[in-house]
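Asks: Please find one structure pasted underneath; my questions will follow.
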Amino acid sequence: MKEPKVFLVGETKVHEAGLHAYLAHIGAPDWQSDAPGDVELLSEVMARSCYRSFGTELNPNVTRVRGSNKAHLANLIKVKHGSTLEHAWLNFMFCDVSRVVTHELVRHRAGTAVSQESLRFVRLADDLDGYVPLVIRETPEAMELFCRTFDQLGALQMRLTDLLDVDALPFSEKKKITSAMRRLAPIGLATNIGWSANIRAVRHVIEMRTAPGAEEEIRLLFAKVGALCVERFPHLFGDYRVEEVDGFPWYRTEHPKV
Ligand SMILES: Cc1cc2nc3c(=O)[nH]c(=O)nc-3n(C[C@H](O)[C@H](O)[C@H](O)COP(=O)(O)OP(=O)(O)OC[C@H]3O[C@@H](n4cnc5c(N)ncnc54)[C@H](O)[C@@H]3O)c2cc1C
């Protein structure tokens, strides 16, 4: 039995020399932020650039500015100045997630990028595995049937491999047969997918996919994404409160869909 796993493999980095040159150009060479990291710093810079609010001397309409990164980003989220959260991106690898999850995940198109493990290239073997939903786990006969079916489908992959003598074929033929064989794999099969999204989209998907109406495996996956984001980017995800529903965390906020 597999559980979804979340790896944060990348995040937006600020180009310090470029930022300093920009700040000097607009007349704020000494501006500094107390942002805890580049993702939060970049979001703040993009937002402040809208009103020249790096200080009170750059725009006669501005008489006071919010000092801290935390206060600045909290206000962006409150007033739904969401486009400023589209600049910084997070890059995740989601591993051991079923194709149930990946089908649902790719429906989120705005502000995302996807690279999915190809089961046309990656040949399946007899070790098929996947997430077992609670309702199956809690019923021994259903669990037995679920596991036996996975084993049988794995055995079928090996039978087809032998029958079609796949190992002896050139790569182009292997690919054709691998793609034919995947039709007999279960939709619950654990696989991997790379998912990148800007902060605005990450927030939206956490909210939608941890809600109790969503499917349980994607709830589990995005609860992990939520926990990681709250810990690593507190000023961008600190408004969430977590409520447990049916044993799964639900990430809720007063400021949904920024
Ligand atoms: C519980 C649940 C059940 C679901 N059941 C089904 C189902 O049975 N069948 C099914 O097909 N889908 C289903 N979906 C998928 C759902 O319909 C959405 O496609 C999916 O959740 C993507 O979310 P989104 O529309 O917010 O898109 P995202 O790409 O995440 O977009 C974010 C936001 O940007 C805006 N936006 C994005 N694209 C456009 C656009 N083209 N035009 C205008 N505004 C846009 C919208 O405000 C949107 O909410 C389900 C989703 C959930 C959470």
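Asks: Based on what the data block shows, is residue 170 surrounded by fewer than 21 Cβ atoms within 10 Å (Cβ to Cβ) and either under 18 Å from the mean Cα position of the chain (by Cα) or within 16 Å of the ligand (Cβ to nearest atom) (or both)?
Replies: no
This table checks each residue for (1) within 30 Å of residue 191 (Cα to Cα); (2) part of a helix (DSSP H, G or I).
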| position | (1), (2) |
| --- | --- |
| 3 | yes, no |
| 10 | yes, no |
| 14 | no, no |
| 22 | no, yes |
| 35 | no, no |
| 41 | no, yes |
| 48 | no, yes |
| 59 | no, no |
| 75 | no, yes |
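Asks: Within 28 Å of residue 123 (Cβ to Cβ) and more than 13 Å from the ligand (Cβ to nearest atom), is that true of residue 228?
Replies: Spelling it out, it is not the case that residue 228 is within 28 Å of residue 123 (Cβ to Cβ) and more than 13 Å from the ligand (Cβ to nearest atom).
Conditions (1) surrounded by 15 or more Cβ atoms within 10 Å (Cβ to Cβ); (2) under 26 Å from residue 132 (Cα atoms); (3) at pLDDT 95 or above, marked per residue:
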{"position": "181", "(1), (2), (3)": "yes, yes, yes"}
{"position": "187", "(1), (2), (3)": "no, yes, yes"}
{"position": "193", "(1), (2), (3)": "yes, yes, yes"}
{"position": "198", "(1), (2), (3)": "yes, no, yes"}
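Asks: Another one. Here is a list: 139, 84, 102. Which entry is within 20 Å of residue 215 (Cα to Cα), surrounded by 18 or more Cβ atoms within 10 Å (Cβ to Cβ) and among the hydroxyl-bearing types (Ser, Thr, Tyr)?
Replies: 102
Asks: Related question: Could you grab me the full set of residues in the range 196-211 that are more than 8 Å from the ligand (Cβ to nearest atom) and either in a helix (DSSP H, G or I) or more than 8 Å from the chain's Cα centre (by Cα) (or both)?
Replies: Residues of the range 196-211 that are more than 8 Å from the ligand (Cβ to nearest atom), as a first pass: 196-200, 202-203, 206-207, 210.
Of everything in the range 196-211, those that are more than 8 Å from the ligand (Cβ to nearest atom) and either in a helix (DSSP H, G or I) or more than 8 Å from the chain's Cα centre (by Cα) (or both) turn out to be 198, 199, 200, 202, 203, 206, 207, 210.
Asks: Let me ask another. List the number of the failed condition for residue 222; all other conditions in (1) farther than 17 Å from residue 78 by Cβ; (2) more than 11 Å from the ligand (Cβ to nearest atom); (3) aromatic (Phe, Trp, Tyr) hold.
Replies: That leaves (2) as the condition not met.
Asks: To continue, here is another question. If you check residue 17 against the conditions, is it among the aliphatic types (A, V, I, L, M) and in contact (Cβ under 8 Å) with a residue 24 or more places away in the chain?
Replies: Numbers: among the aliphatic types (A, V, I, L, M): yes; in contact (Cβ under 8 Å) with a residue 24 or more places away in the chain: no.
Against the criterion (among the aliphatic types (A, V, I, L, M) and in contact (Cβ under 8 Å) with a residue 24 or more places away in the chain), residue 17 does not qualify.
Asks: Related question: Go through 236, 189, 220 for me and flag whichever is within 20 Å of residue 6 (Cα to Cα), assigned to a loop (DSSP other than H, G, I, E, B) and among the aliphatic types (A, V, I, L, M).
Replies: 189
Asks: Then there's this: Regarding the range 59-80, can at least one residue be identified that is surrounded by 12 or more Cβ atoms within 10 Å (Cβ to Cβ), within 22 Å of residue 211 (Cα to Cα) and either away from the ligand (no atom under 16 Å from the Cβ) or not basic (Lys, Arg) (or both)?
Replies: yes
Asks: Something else now. Note down all Cβ pairs under 7 Å where the first residue falls in the range 199-224 and is within 13 Å of residue 105 (Cβ to Cβ), the second is more than 7 Å from the ligand (Cβ to nearest atom) and among the small types (Gly, Ala, Ser), and they're at least six residues apart or on different chains.
Replies: 201/111; 205/197; 206/226; 217/98
Asks: Look at residue 180 and say whether it is without any contact (Cβ under 8 Å) to a residue 24 or more places away in the chain and either within 16 Å of the ligand (Cβ to nearest atom) or not charged (D, E, K, R) (or both).
Replies: The answer is yes for residue 180.
Asks: Another question, then. Taking residue 114, is it in a helix (DSSP H, G or I) and within 16 Å of the ligand (Cβ to nearest atom)?
Replies: no
Asks: At negative phi and surrounded by fewer than 18 Cβ atoms within 10 Å (Cβ to Cβ), is that true of residue 216?
Replies: So residue 216 passes the test.
Asks: Answer yes if at least one residue in the range 14-22 is on the phi < 0 side of the Ramachandran plot and crowded, with 19+ Cβ neighbours inside 10 Å, and no otherwise.
Replies: no
Asks: Turning to a different aspect of this structure: Being out of contact with any Leu (no Cβ under 8 Å at 6 or more places or on another chain) and away from the ligand (no atom under 15 Å from the Cβ) is the filter; apply it to the range 90-111 and report the residue that is farthest from residue 6 (Cα to Cα).
Replies: Checked the range 90-111; the qualifying residue farthest from residue 6 (Cα to Cα) is 96.
The values are calculated or read from the model by the stated rules, or taken from the named source; none is laboratory data. Given the structure is predicted, the values throughout are model-derived calculations rather than measurements. Neighbour counts run over all protein chains shown; Cβ positions are idealised from the backbone, glycine included.
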